[in-house]
Amino acid sequence: MSKARTDYAIEQDWSAYTEDEHAIWRLLFERQQRLLVGRACQEYLDGLQGLGVAAGGIPDFRRLSDILDRATGWRIVAVPGLVPDDVFFAYLAARRFPSTCFIRRRHQLDYLQEPDVFHDICGHVPMLMNPVFADYMQAYGQGGLKALRLGHLPRLARLYWYTVEFGLIATAEGLRIYGSGILSSAGESVYSLDDAHPHRLRFDLRRVMRTQYHIDRYQETYFVIDDFQQLFAATRPDFAPIYREIAILPEISAEAILPEEREYAAFPVGQKRRAAHQRGPSLGRKRLEDVRQNH
Ligand code: PHE
Ligand code: FE
């Protein structure tokens with residue numbers, strides 16, 4: 001019997017990238033650098049700096065893995081694209097982040113439905129430099145294997161979507177982005193914080209797991225955490241009874257808002273975003289006290 005590889009791991013083959021592919025990385029990176037000042041959370045910016053991911057070009061995964069490994073014990077594994085759920089979860093549970101290698105083409109700078117190396121490396125990997133987030137991702141992988149066994153994967157997938165990919169965090173300076181799907185998108189990194197259209201709701205595990213999402217447009221709803229400890233603590237309980245509990249409740253559509261829910265305000269229109277060092281003293285934590293009631 002032939003020994004087929006079932007881990008989907010490939011070689012990144014860094015030397016095979018063309019000059020044009022590195023140039024696309026530079027374009028994307030420089031654009032996000034400008035946009036993410038005052039928008040990305042500090043944990044992300046620290047991670048980016050710690051990794052030394054920069055505008056130079058597509059990074060070599062081995063170099064990044066060595067830095068990441070020293071920081072939080074995570075490593076990057078090159079894969080050809082989306083991998084099956086069980087493979088994906090097993091990687092996360094083993095503190096391995098599967099990353100695609102290819103970079104989008106020039107006509108896809110603004111939108112791409114599948115992950116590429118810019119999304120995976122520039123969006124996800126810096127967050128894995130944060131110890132609490134690193135543990136959350138591993139726990140998610142373990143939870144994924146369990147959800148698969150229990151037949152509740154769609155509910156757990158929503159948690160990934162609304163946290164790892166599209167999460168917002170409340171800080172003393174206002175809402176910030178930690179979700180990789182937003183961090184790697186020029187359009188959504190502005191829309192998610194500044195646009196009046198989407199709902200920004202306080203993170204609630206059951207609410208999140210009941211909420212549908214769209215994969216082909218900007219989100220209708222974002223969920224806001226206070227900090228990563230809160231996220232980690234909220235997801236620590238055994239989900240088996242929670243899955244059973246919500247299985248009998250109705251699903252919530254992506255754009256719905258429930259009667260008792262309050263929204264965090266979008267960034268006030270007309271007010272200019274400034275870098276943290278340009279700002280005066282903090283006006284206090286932006287929690288539910290300063291959210292506006294919207295109906
Ligand atoms: N506590 C979850 C469970 O029992 C596992 C999990 C942790 C899932 C963190 C997601 C994130 O299934
Ligand atoms: Fe992703």
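The values are calculated or read from the model by the stated rules, or taken from the named source; none is laboratory data. What you see is a predicted model; the values in this text were computed from it and never measured. Cβ: placed from backbone, ideal geometry, glycine included. Neighbour counts: every protein chain shown.
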Report, by residue number, each residue of the stretch 225-242 that is part of a helix (DSSP H, G or I), surrounded by fewer than 18 Cβ atoms within 10 Å (Cβ to Cβ) and either polar (S, T, N, Q) or touching a residue at least 12 places away in the same chain (Cβ under 8 Å) (or both). Gln229, Gln230, Phe232, Ala234, Ala240, Ile242
How many residues does the stretch 201-224 hold that are surrounded by fewer than 20 Cβ atoms within 10 Å (Cβ to Cβ) and either acidic (Asp, Glu) or within 16 Å of ligand 1 (Cβ to nearest atom) (or both)? 7
Positions within the stretch 112-165 being free of Cβ contacts under 8 Å to residues at least 40 places away in the same chain, outside any helix (DSSP H, G or I) and within 15 Å of ligand 1 (Cβ to nearest atom), in sequence order: Gly151
Suppose we filter Ser180, Ser185 for residues that are within 16 Å of ligand 1 (Cβ to nearest atom) and small (Gly, Ala, Ser); which single one remains? Ser180
Would you confirm whether or not the stretch 37-60 contains a residue that is on the phi < 0 side of the Ramachandran plot, without any contact (Cβ under 8 Å) to a residue 12 or more places away in the chain, surrounded by fewer than 19 Cβ atoms within 10 Å (Cβ to Cβ) and more than 18 Å from the chain's Cα centre (by Cα)? no
Need a quick list: helices (runs of 4 or more DSSP H) entirely within the stretch 1-89 having at least 2 residues that are more than 20 Å from Val132 (Cα to Cα). 19-36, 61-72
May I ask you to verify whether Ala170 is assigned to a loop (DSSP other than H, G, I, E, B), more than 16 Å from ligand 2 (Cβ to nearest atom) and either at pLDDT 95 or above or in contact with a Pro (Cβ under 7 Å, 6 or more places away or on another chain) (or both)? no
